[in-house]
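Chemist: Here it is, the structure, as structure tokens.
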Amino acid sequence: MMIPGYYGISGSYLLYFALIMIIPLWAQWKVKSAYGRYKKVKTLSGLTGKEVAEAIMQANGITDVKVVRGEAELSDHYNPSTNTVVLSPIVYSQPTVASVAIAAHEVGHVIQDKVADYKPMRWRHALVPLANLGGNLSMIFIMIGLGLTYLMKSAGSYGITIAWVGVGLMLFAVLFQVVTLPVEFDASKRALEQVTDLGIVNDQERRHCKKVLSAAAMTYVAAALVALMELMRFILIIISSSNNRN
Ligand SMILES: [Zn+2]
């Protein structure tokens, strides 16, 4: 079976696939290099990630969240259902610029949840089941829909409808990636405010923390960009398939 405009390898398609592979790799490289650099730079305060996280929570009156040591590198996250901030071993135990930045960022999420009632975080949370459903089912609907359109002339219009349902499902997954952006940027903004206000970092350390956090944010921007590009691609494929039928 040959779906025109889909399996056809043209220059623009090659460029497209190069972009959706290179953008996330570039962002990952940025975050790994910033992290690699600043995990070697000790802070003057001598506070570990764990101590920074606890200091910020204490200053904000947060008493019901525990800081625990995670297993893998770059596995740092806040888990609202278990009330824990999980910090990777190095972040947890080492007094470095990278540790301060990452620990403060995760507590930024705790503040969004416990203090600020930050709405985009609630939306993001509410989107999780729909985004998972969309991520799992959208491609199946799109492929069945396009397959019907090309294989069976009589079922073509059903095929296009099924493919559009697939795009609708994909929209939830894309929306999740997009809503993640303000949540992540806001957590980093809060992190920098906290470590500055509490005197955890000096001016230079603050700038270095910002570099680590900006690099981390780029991975979310890259993911959202790729998700949007994929959505656009399928919308264009379905429109051209629909036009080919007429
Ligand atoms: Zn985050």
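The values are calculated or read from the model by the stated rules, or taken from the named source; none is laboratory data. All values derive from a computational prediction rather than experimental measurement. Using ideal geometry, Cβ is built from the backbone for each residue, glycine included, and neighbour counts are taken over all protein chains shown. Areas reflect the complete protein model, heavy atoms only, side chains present, ligands, DNA and RNA absent. Shrake-Rupley method; radii C 1.70, N 1.55, O 1.52, S 1.80 Å.
Chemist: Kindly indicate whether VAL178 is within 16 Å of the ligand (Cβ to nearest atom) and open to solvent by less than 30 Å² (accessible area, probe 1.4 Å).
Modeler: Taking the combined requirement at face value, the residue does not satisfy it.
Chemist: Restricting to region 198-207, name every residue that is in contact with a helix residue (DSSP H, G or I) (Cβ under 8 Å, 6 or more places away or on another chain) and open to solvent by 40 Å² or more (accessible area, probe 1.4 Å).
Modeler: Hits for region 198-207 are LEU198, ARG206.
Chemist: From the list ALA191, ALA216, ALA187, pick out the single residue that is open to solvent by less than 60 Å² (accessible area, probe 1.4 Å), part of a helix (DSSP H, G or I) and touching a strand residue (DSSP E or B) at 6+ places or on another chain (Cβ under 9 Å).
Modeler: When all the criteria are applied, what remains is ALA187.
Chemist: Filter region 151-161 down to the residues that are open to solvent by 20 Å² or more (accessible area, probe 1.4 Å) and in contact with a Lys or Arg (Cβ under 9 Å, 6 or more places away or on another chain) and list them by number.
Modeler: Residues satisfying the conditions are LYS153, SER157.
Chemist: For region 142-158, name all the residues that are without any contact (Cβ under 8 Å) to a residue 60 or more places away in the chain and touching a Gly at 6+ places or on another chain (Cβ under 6 Å).
Modeler: LEU148
Chemist: Does region 155-166 include one or more residues that are more than 16 Å from the ligand (Cβ to nearest atom), within 24 Å of GLU106 (Cα to Cα) and in a helix (DSSP H, G or I)?
Modeler: no
Chemist: From the residues in region 22-47 that are part of a loop (DSSP other than H, G, I, E, B) and touching a strand residue (DSSP E or B) at 6+ places or on another chain (Cβ under 8 Å), which one is most open to solvent (accessible area, probe 1.4 Å)?
Modeler: Per the criteria, the residue is LYS40.
Chemist: Please specify each residue of region 181-225 satisfying the condition of being within 16 Å of the ligand (Cβ to nearest atom) and of a type in the set (Ser, Thr, Tyr).
Modeler: If the condition is that a residue be within 16 Å of the ligand (Cβ to nearest atom) and of a type in the set (Ser, Thr, Tyr), then SER188, SER214, THR219, TYR220 are the ones that fit.
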